[in-house]
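The values are calculated or read from the model by the stated rules, or taken from the named source; none is laboratory data. Just so we're clear, the structure is a prediction, and the values are computed from it rather than from any experiment. Heads up, the Cβs are rebuilt from the backbone with ideal geometry, glycines too, and the neighbour counts pull from every protein chain shown. Ligands, DNA and RNA are excluded from the accessible area calculation, which covers all protein heavy atoms including side chains. Shrake-Rupley method; radii C 1.70, N 1.55, O 1.52, S 1.80 Å.
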Amino acid sequence: MNIKSVVILLVSFFLFNGCKQNPEEAIKANYLDFSKRDDQFTGGIKMIPITTPIGNFKVWTKTVGNNPKIKVLLLHGGPGGTHEFFECFDGFFPQESIEYIYYDQLGSYYSDQPNDNRLWTTERFVEEVEQVRKALKLDNTNFYLLGQSWGGILAMEYALKYQKNLKGLIIANMMASAPAYNKYAQEVLGPQMDPKILKQIQDMEKNNDFANPKYEELLFKYYYTQHLFRKPLEEWPESVTRAFKHLNPNVYVYMQGQSEFGMTGNATLKNWDVTDRLKTLTVPTLSIGAKYDTMDPEHMKWISEEVQNGRFLFCPNGSHCSQYDDQKTYFPGLIKFLKDVDSGDFMKSK
């Protein structure tokens, strides 16, 4: 072989290998390419048909980005809340090329809102999530389910029935027992308040005076700014205040109840408890707790130890919305979990 032929072969070799992208580079390059997707026309939004025992409805979803290996379906709180509580994810997931899906559950602001209490059961919501999963073509090679608050209840219930469909599970700011949550709210969080303020709130609750504007005013000023979102109300981001405006009170009160100090009265969730079933979960699981949360962070740590492959993320400056008030801890820990599971490097907490 002459020198000219050798040079041509070497040049061809380097050109060919220089043009090849590794999988991560290919994902990053195609992350914002909607050209091959069926939702390009709507910018990622899909109204997904849902079949229920009392009829057919549609729920709203919006997919951000493309990543065939990491797709995170976000389950909002409430019940009756909206995806708007997660809008800060826009500031963290795209630069990591993580695909994520906003989703308003049935009864929530951007989805159909039928007025029938027969629909508001954890069992039916689980089947709704399964229908959304199928419609979005998510499977155990890429499907991560993240539930926050009530969404954490729904995520646990879904995993207990359908964990075979999951690649990873994230339980954020939610205990595995409503009675344990009630106990923590009433015995730990309540007494931390100014006794005079707490008595006013308790008196209104005792008199079923929940419509009194003073009740909401006291909660926001003295309870929510300590345990829901640790910033003065005037510093809350517009996405959070908008989410509160869009909350469906019919669904919320029916399942959660009127009181913010636990699930009480006729709330359908007040006896919910899956603590004795968590040990059956084998899917990699991240439990997120926060120091100032309405949920006991020690219980969240226990969840990570009770499941078979759990990891705990503690947010020392966070509350119930630690995705906002402790982002420096929340997002690096969440992103590391997703990438560790994806790469096969996931190790449970010791």
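Any of 62/167; 137/245; 46/301 with alpha carbons more than 27 Å apart? Name them for me.
Exceeds cut-off: 137/245; 46/301.
How about segment 90-151: which trypsin sites (Lys or Arg not before Pro) there are in a DSSP loop, with at most 15 other Cβ atoms within 10 Å of their Cβ?
Those satisfying the criteria are 137.
Could you order peptides 274-284, 166-176, 247-257 by the average number of other Cβ atoms within 10 Å of their residues, highest first?
166-176, 247-257, 274-284
Compute the accessible area per residue over the chain, keeping the other protein chains in place, probe 1.4 Å, unit Å².
I get 47 Å² per residue for the chain.
Tell me the label-point distance for the pair residue 161, residue 32, using the 7 Å Cα-to-Cβ offset, in nm and rounded to one decimal.
Each label point is offset 7 Å from its Cα along the Cβ direction, giving 3.9 nm.
Taking all protein chains as present, what is the carbon and sulfur share of the accessible area of the chain, in % to the nearest whole number, probe 1.4 Å?
54
Which length gain, in nm to one decimal place, applies between residue 250 and residue 90 when the Cα-Cα distance is subtracted from 0.36 nm times their residue separation?
54.7 nm
What FRET efficiency comes out for the pair residue 209/residue 123, r = Cβ-Cβ distance, R0 = 30 Å, nearest 0.05?
The value I calculate is 0.35.
Using only Cα atoms, what is the ratio of the radius of gyration of segment 35-187 to 2.2 N^0.38 Å?
Relative to the 2.2 N^0.38 Å estimate, segment 35-187 comes out at 1.03.
Using 0.36 nm times the number of residues separating residue 112 and residue 282, minus their current alpha carbon distance, what extension gain do you get?
Separation in residues times 0.36 nm, less the Cα-Cα distance, equals 57.8 nm.
Across every pair of different alpha-carbon atoms, what Kirkwood hydrodynamic radius in Å does the chain reach?
Kirkwood hydrodynamic radius for the chain: 21.5 Å.
With charges set only on the Cβ (+1 for Lys and Arg, -1 for Asp and Glu), what does the dipole of segment 26-180 come to about its Cα centre, in debye to the nearest 20?
480
Considering the Cα trace of segment 119-244, what is its radius of gyration and what is Dmax, both in angstroms?
In order Rg, Dmax, the Cα atoms of segment 119-244 give 18.4, 54 Å.
Show that you can apply the helix-only estimate: for the chain, add -39,500 (n - 2.57) for every DSSP H stretch of four or more residues, divide by all residues, and state [θ] at 222 nm to the nearest 500.
After summing the helix terms and dividing by residue count, I get -10500 deg cm²/dmol.
If you count, for each residue, the other Cβ atoms within 10 Å and average over each peptide, how do 111-117, 126-132, 221-227 line up from highest to lowest?
126-132, 221-227, 111-117
With every atom except the alpha carbons ignored, what do you get for Rg and Dmax of segment 221-297, in angstroms?
15.5, 44
Give, in nm to one decimal, the length gained when the segment between residue 141 and residue 188 is fully stretched (0.36 nm per residue of separation minus the Cα-Cα distance).
So the extension gain works out to 12.8 nm.
Which residues does a label at residue 134 reach in segment 141-176, if reach means a backbone N under 17 Å from a point 7 Å past the Cα toward the Cβ?
158-159, 161-166
Hey, can you rank 332-343, 181-192 by average C-beta count inside 10 Å, highest first?
332-343, 181-192
Between residue 327 and residue 45, how many nm apart are label points set 7 Å from Cα along the C-beta direction?
2.4
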